[in-house]
1. Return one number: the angle in degrees, 0 to 90 and rounded to the nearest 10, between the long axis of the Cα atoms of helix 457-469 and the longest principal axis of the Cα atoms of the chain.
2. Taking 8 Å as the Cα distance limit and 6 or more residues as the minimum spacing, I'd like the relative contact order of region 36-119 as a percentage.
3. Given Cβ point charges of +1 (Lys, Arg) and -1 (Asp, Glu) and nothing else, what value in debye, to the nearest 20, does the dipole of the chain about its Cα centre take?
4. Which entry in (1) 107, 65, 55; (2) 81, 64, 49; (3) 148, 74, 65 matches Cα extents along the principal axes in Å derived from the coordinates of this structure?
5. Between the helical axis of 720-737 and the dominant principal axis of the chain, each derived from Cα atoms, what acute angle in degrees is found, rounded to the nearest 10?
6. Return the ratio Rg/(2.2 N^0.38 Å) for region 343-405, where Rg is computed over Cα atoms only.
7. Pop a pseudo-label 7 angstrom from the Cα along the beta-carbon direction at both V393 and A729 and give the gap in nm to one decimal.
8. Considering only DSSP beta bridges with both partners in the chain, what is the antiparallel share in %, to the nearest 5?
Amino acid sequence: MTQSKRFARLAERDINKETFVEAWPDAGLIVADGPNDPRPSLTLEPAPHKRVIEMDGKTRAQFDSLDTFIADHFLDLSVAEEAMATPSLQIARMLVDINVPADQVRRLALGCTPAKLCEIVRHMSVLEMMMGLAKMRVRKTPANQAHVTNRRENPALLAADAAEAALRGFAEIETTVGIARMAPLNALCVLVGSQTGRGGVLTQCAIEESMGLRLAMKGLTSYAETLSVYGTERSFVDGDDTPWSKAFLASAYASRGVKIRFTSGTGSEALMGSSEGKSMLYLEARCLCIVRGAGSQGVQNGSISCIALPESLPGGVRAVLAENLIAAMLGLEVASGNDALASHSAIRKSAKLMLQFIPGTDFIFSGYSAVPRRDNMFGGGNFDAEDFDDYNVLQRDMQIDGGLRPVREAEVLAVRREAARAVQAVYAELGFPEIRDEEVEAAVVAHSSDDMPARDIVADLAAADRFLEGPQDVRDVISALRRHGFPQIAANLTEMLRQRTLGDYLQPAAIFVRDDPSSPKPTFRVLSALTDPNDYAGPGSGYRLQGARWQEITALPQARSPHDFIADRIGAPLPNLHELGPARPGRFNEVIVCVGPAFGTALTQTINGLPHEEVLKAIFTGIAKEGMIARLIKAYHTSDCAQLGFTASSYSGSGIGIGLQSRGTAVIHKRGMPRLHNLELFSFSPSLTLETFEQIGRNAAKYAKGEAVKPVPVTVDNWARLRLIVKTALLHRRETEEVRDKPPQELFFDWEPDV
């Protein structure tokens, strides 16, 4: 039973909903540097054969199928002996040395065994790994991938959400299914939607691998990343695969013009009970060597759906970054996870993201849930549709390109409507179950599938079966779009087919951009490791967020002109406030209120909208209720609150004065006290009410009479600064603009006391 109230509160925090365990190496529950991990070693047969006969403590006779594949298809034997002889610490330092080009590091990395790769990153801190990742990323321009799914598998909503995701800047969109047979229709809807939002977006449907290949052959997808690899032989067997079968499948995709990447990730072998007592990072290093050896251009890695497992152990998030770095070292496109829900804690999940967000990866998410978390059929989403604004602000805060762009509601609604109508037309043309107008309109404004009308899922499944088995393919979709008045979407789909025949987007880390999005005849340009190589070499090099792209990211819809923040605080000068001439010292029974130079003239309301006239009435009423006289002066030589109070007390016959800035900040000061010392300070002006100001007047009068005074209670709002600091700065700037070389002036305030 917790006795400490503080510990009781801590126990309720989101972070304490997580599972944390101690390491258990024999069960594979250790993220790196396991006691059972092998030491790096490599022995080659003498020339001319130069075959690997020993690797990481095993002779060739002891090799399992993974060792054999790595030795025969991954290791670059022309550099292997040099790489293995180079101290791991030296290679680690090369990774962060801006004077060492990435190609020099990669040359050695391709000659390193899995154990050697782990030993290299063992020397590196998280910060150093981020520096290495910034240099080793193969494509210069970062990008992002989205998940678009929904629990009801509604076609209009899938198309609308895909269109919005494309409009928001995602370069790839991935969907999946709740029912496997729905894959053809889901893939179709996301394809049409993506080419509505922005031509050139790559799409895929995460489904069983042979089914995925069939969808690609029908032209419904343009990439695949469901080719899973594992770090132990037993895990591969359980997956009914071998490294060779995965390599063959990758070739089958590529031969049909479909970009592929493999999927791996720290923790999968321990989850499957087949870790062989090795650390998660060592097994992941084996996976990445297999991916490279199989000829894949890239990999989706970053623990992916297993993320909660490494995160339960010490150093888990560091190990995920390490696997991303190793993949980049090997020249692979890195789609760096951040997809599955990683934490209950918003702090923790954001901190994890920063390890890839700041240095940049080829795809920072794989993928970002572009739909509400509850609709994400991939098991939630670390960030989802409700986090779009937060993510855009992060890009703007750090001047980092995270692959997204701010959008306006009107353009989102327009593109969602067009996508939903386009899919409606395709369904009608191809003889699929009707998409009603009410579904289209619901999809335009929907937040989630809960906002959509029900469909006949049995009829949709039957249509999906017919489509998969029949002769129809993406060419029929293009024809339907043209006939029903969607020429631009049809043109985008046609260009995607043309690009498949060219094959340029099979290059490592390829994405498409359009140089002229307004052109009716789209031409997509490939950005890849070949056409857009990462040339980071320290400050002033590599990808820099600037120019039009930076302007796009800064243009948040919620960003306002600074002038808007104080426009409603400016009004006509108070008619019952008049200057009488230079201020003079007064009598013993008075309290002076000294206001700032903009008070009642350039500014007429406090920061929280209280009219200056009402504020003065409240203070004067409080003073009068204590039988004292209030006198008003205006300072022109200062806008500082402490100086206003000091001035007020200096002129006051009683020695007590109130300083009052135009924004409402106030102070009670006594003559003889230092300027920055006071009787009472009311710095939280947004929380001050007219009742508070009246009490300030009463307390000042009591001080003047020499009575015991109970300080005015003030509400402290710790969030006020976040909300109002811009307005505070602008109001103070406006007040300061009125400062001039002029002595304090006596003011006449025409008011009726309420006593």
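Every number in this text was worked out from the coordinates using simple rules, so none of it is lab data. Computed from a predicted model, the values in this text were never measured in an experiment. In this analysis, Cβ positions are derived from the backbone assuming ideal geometry, glycine residues included, and neighbour counts consider all displayed protein chains.
1. Between the helix axis and the principal axis of the chain, the angle is about 40 degrees.
2. Over region 36-119, the number comes to 35 percent.
3. Dipole size: approximately 1940 debye.
4. Given (1) 107, 65, 55; (2) 81, 64, 49; (3) 148, 74, 65, the structure-derived one carries the label (1).
5. That works out to roughly 50 degrees.
6. That ratio works out to 1.07.
7. Calculated label separation equals 1.5 nm.
8. 45
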